[in-house]
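> There's a structure below that I have some questions on.
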């Protein structure tokens, strides 16, 4: 899918996933504490900044 952001293994500062992972920047959701099964980890801030910038661009383009 176009627009997905790959999460390289080196971007996990703590934790991670057993398989390849991607961020879906336009997939914003409000979640409740019951929706969180477990703590997954911590990502490098540069990757998080990239995902936030992609979300902002998506929202600005939809106006």
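The values are calculated or read from the model by the stated rules, or taken from the named source; none is laboratory data. As the structure is a computational prediction, the values presented were derived from the model and not from experiment. Positions of Cβ are backbone-derived with ideal geometry, glycine not excepted, and every protein chain shown enters the neighbour counts.
> Being assigned to a strand (DSSP E or B) and free of Cβ contacts under 8 Å to residues at least 40 places away in the same chain is the filter; apply it to segment 1-27 and report the residue that is surrounded by the most Cβ atoms within 10 Å (Cβ to Cβ).
Checked segment 1-27; the qualifying residue surrounded by the most Cβ atoms within 10 Å (Cβ to Cβ) is 23.
> Could you tell me which numbered condition residue 47 fails, if it satisfies all but one of (1) assigned to a loop (DSSP other than H, G, I, E, B); (2) within 11 Å of the chain's Cα centre (by Cα)?
(1)
> Within segment 29-51, identify whether any single residue is at pLDDT 90 or above, out of contact with any helix residue (DSSP H, G or I) (no Cβ under 9 Å at 6 or more places or on another chain) and either loosely packed, with under 10 Cβ neighbours inside 10 Å or within 16 Å of residue 2 (Cα to Cα) (or both), and answer yes or no.
Yes: one or more hits.
> Follow-up. Assess whether residue 57 counts as being at pLDDT 90 or above, loosely packed, with under 10 Cβ neighbours inside 10 Å and not in a loop (DSSP other than H, G, I, E, B).
It is false that residue 57 is at pLDDT 90 or above, loosely packed, with under 10 Cβ neighbours inside 10 Å and not in a loop (DSSP other than H, G, I, E, B).
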